[in-house]
Amino acid sequence: MIKDMADDEAVQATNDDASECKRYAVQLGYWSDPFINFFVRQTGRKAPEINRGYYARVKGIEVFIDKFLKLSGGKGQIINLGAGFDTLYWRLRDAGNSPLNFVELDFPSVTAKKCYLIKKQKQLIDRLNTEDGEIRFSATDLHAANYHLVGIDLRHISDVANKLSQAEVNFSLPTLFITECVLVYVDTSAASTLLKWLSGKFSNSIFVNYEQVNMRDKFGQVMLSNLRTRGCLLAGVEDCESLETQQRRFTVNGWEGSNAWTMVEVYDSLPESERSRIERIELLDERELLTQLLQHYCISIAWNGQTFKNISIAQG
Ligand SMILES: C[S@@+](CC[C@H](N)C(=O)[O-])C[C@H]1O[C@@H](n2cnc3c(N)ncnc32)[C@H](O)[C@@H]1O
């Protein structure tokens, strides 16, 4: 029990890591995010290959967000599972691209910190859509007109169902699920239960998942042992063996179709002008290291219904 709690704390701490890396890359000009500094004040230096990896991660996921917003005509909902300190809601709102509803879920200890930071920061709270003037807070949850932040353990499906209904989720709306470096921390059986439940409930949806892949080779094994020495169990790593296992985890759990790309493919698919812009930000001594890193992460997607069928990473 005490060990389980320590494991969960190590998993929750991965959010600090991700947010700090994003903050640092934004500071260097890899991409623009005017809101990240409200969640992370300061960070130490990160290596150029880490910054480029984060750039590919954020931009790769953005390709699918843009496609979702276009195909759903702005009439869909986004549900970010294990959202950490993600700033997407605010970025979309400033771009005039808010979906009808936006829901973020994470462990209560993480959402409590996020609630506190949102409450404290006028620039964040002012942007929560408040036509009826009401924003409801508890220590761990926040409900505004079209933004909901809720504390939950994703391994407890009946609580997830309950919180999604509190967040006014509509099962029949086009829905985008995002898990960015999350499922690897959830044990295979709980992740299957979650994916199956979501697939059964949301018949018109797309799921976008970013995380490790090719974990069986030597580089993958070193990555795993580094993460484990930081206390992360990586209970879901079984599904990170290959692009095939990443896809299969969706189709065996009721999703109609799936696809997956390594981050090498994702990076190469990004607009050339953007790639050459960011490649000028910092000198990269060891290009091979970046390639190895990108080979060990992927974006996998799955869909239900016709709207999002066969969506791909290709631009346009
Ligand atoms: C590596 S961080 C990524 C955060 C964010 N998605 C991003 O990419 O910036 C992983 C997040 O997943 C959350 N998480 C992992 N397992 C979870 C679970 N069982 N229930 C709720 N949240 C979970 C962690 O608390 C953490 O915030």
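The values are calculated or read from the model by the stated rules, or taken from the named source; none is laboratory data. Because the structure is predicted, anything quoted here is derived from the model rather than measured. No Cβ is skipped: glycine too gets one built from the backbone with ideal geometry, and neighbour counts run over all protein chains shown. We work out accessible area using only protein heavy atoms, side chains counted, and drop any ligands, DNA or RNA first. Shrake-Rupley method; radii C 1.70, N 1.55, O 1.52, S 1.80 Å.
General observations
- Accessible surface comparison of I118, I157, probe 1.4 Å, protein chains only, largest first: the order is I157, I118.
- Protection proxy ranking of 266-275, 55-64, by the mean of other Cβ atoms within 10 Å over each peptide's residues and highest first, is 55-64, 266-275.
- Here K59 is the anchor, and the lysines within straight C-alpha reach of less than 19 Å, apart from those fewer than 8 places off in the same chain, are K22, K46, K67, K70.
- Cα gyration tensor shape of region 164-316, rounded if a/c is under 1.5, else prolate or oblate by comparing a/b with b/c: oblate
- Selection from A314, P108, A167 lying farthest towards where the dipole of the chain points positive, charges on Cβ: A167
- Normalised by the number of residues in the chain, the mean separation of alpha-carbon contacts (under 8 Å, six or more apart) gives a relative contact order of 19 percent.
- Here the chain is assigned +1 on the Cβ of each Lys and Arg and -1 on the Cβ of each Asp and Glu. Its dipole about the Cα centre then comes out at about 460 debye.
- In a simple Cβ point-charge model (Lys, Arg +1; Asp, Glu -1; nothing else charged), region 1-156 has a dipole of about 540 debye relative to its Cα centre.
- Nonpolar atom fraction for the chain, defined as the carbon and sulfur part of the 1.4 Å probe accessible area, stands at 49 percent.
- Which of T262, T307 is most accessible, then next, and so on - probe 1.4 Å: T307, T262
- Three-way shape call for region 38-186 based on the alpha-carbon gyration tensor, with the a/c threshold at 1.5: rounded
- Net +/- balance of residues flanking I206 in space, Cβ distance below 11 Å, scoring K and R +1, D and E -1: +1
- Annotation for region 264-308 versus region 101-117: alpha-carbon center distance of 28 Å.
- Only helices enter the 222 nm calculation for the chain: every DSSP H run of n ≥ 4 contributes -39,500 (n - 2.57), and dividing by all residues gives -14500 deg cm²/dmol, rounded to 500.
- Using heavy atoms of the protein chains and a probe of 1.4 Å, the accessible area assigned to V264 is about 40 Å².
- Relative contact order of region 224-295, defined on C-alpha pairs under 8 angstrom at six or more residues apart (%): 22
- Dipole of region 215-299, positive direction: furthest Cα of S225, L289, I278, with charges on the beta-carbon: S225
- Normalised per residue, the accessible area of the chain is 44 Å², obtained with a 1.4 Å probe and no contribution from ligands, DNA or RNA.
- A 1.4 Å probe, protein heavy atoms only, puts the accessible area of H143 near 20 Å².
- When you filter the chymotrypsin sites (Phe, Trp or Tyr not before Pro) in region 147-209 for DSSP loop state and at most 10 other Cβ atoms inside 10 Å of their Cβ, nothing is left.
- nm² value of the averaged projected area, convex hull over the Cα atoms of the chain: 15.4
- Ranking R93, R41 from most to least accessible surface, computed with a 1.4 Å probe over the protein chains only, gives R41, R93.
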